[in-house]
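The values are calculated or read from the model by the stated rules, or taken from the named source; none is laboratory data. Keep in mind it's a predicted model, so treat the numbers as computed, not measured. For neighbour counting, all protein chains shown are included, and Cβ atoms are generated from backbone atoms with ideal geometry for every residue, glycine included.
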Amino acid sequence: MDIEKLKSKAKGNSKSKTKLGFLYLEGLEISKDLKQAYQLFHIASFEGDINATYWLGECYYVGLYVHRNYSTAYRLFKVAAEKKNPRGKTFIRVKKKI
């Protein structure tokens, strides 16, 4: 994957921001940078990318770059689930069983 091309695409594309954020989150093909991942997820979520909303929820649920905040994470997962994000739907379904 060409990281520079992805960075360029991410300037105007929320899905590319989310993909780049995930690479930063995991340290795949690029140096791990939780702050950069969080910021990209936050912007892409604001721009309407529901996958970014899910990953932003993960940041809050696990405490990646931000302080762990279960209520914020749940709210983000719920928004993702309502927009048909499979991971968000699974999280909400599992939490309802507990």
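Values as computed for the structure displayed
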| item | result |
| --- | --- |
| Pair list, Cβ < 9 Å and 6+ apart or interchain, from the range 77-94 residues that are farther than 9 Å from I50 by Cβ and without any contact (Cβ under 8 Å) to a residue 24 or more places away in the chain to residues that are part of a helix (DSSP H, G or I) and acidic (D, E) | F77/E58; K89/E82; I92/E82 |
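One line per residue, one yes/no per condition, for (1) within 11 Å of the chain's Cα centre (by Cα); (2) at pLDDT 95 or above; (3) not aromatic (F, W, Y):
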site: D2; (1), (2), (3): no, no, yes
site: K11; (1), (2), (3): no, no, yes
site: K19; (1), (2), (3): yes, yes, yes
site: F22; (1), (2), (3): yes, yes, no
site: L40; (1), (2), (3): yes, yes, yes
site: I43; (1), (2), (3): yes, yes, yes
site: E47; (1), (2), (3): no, yes, yes
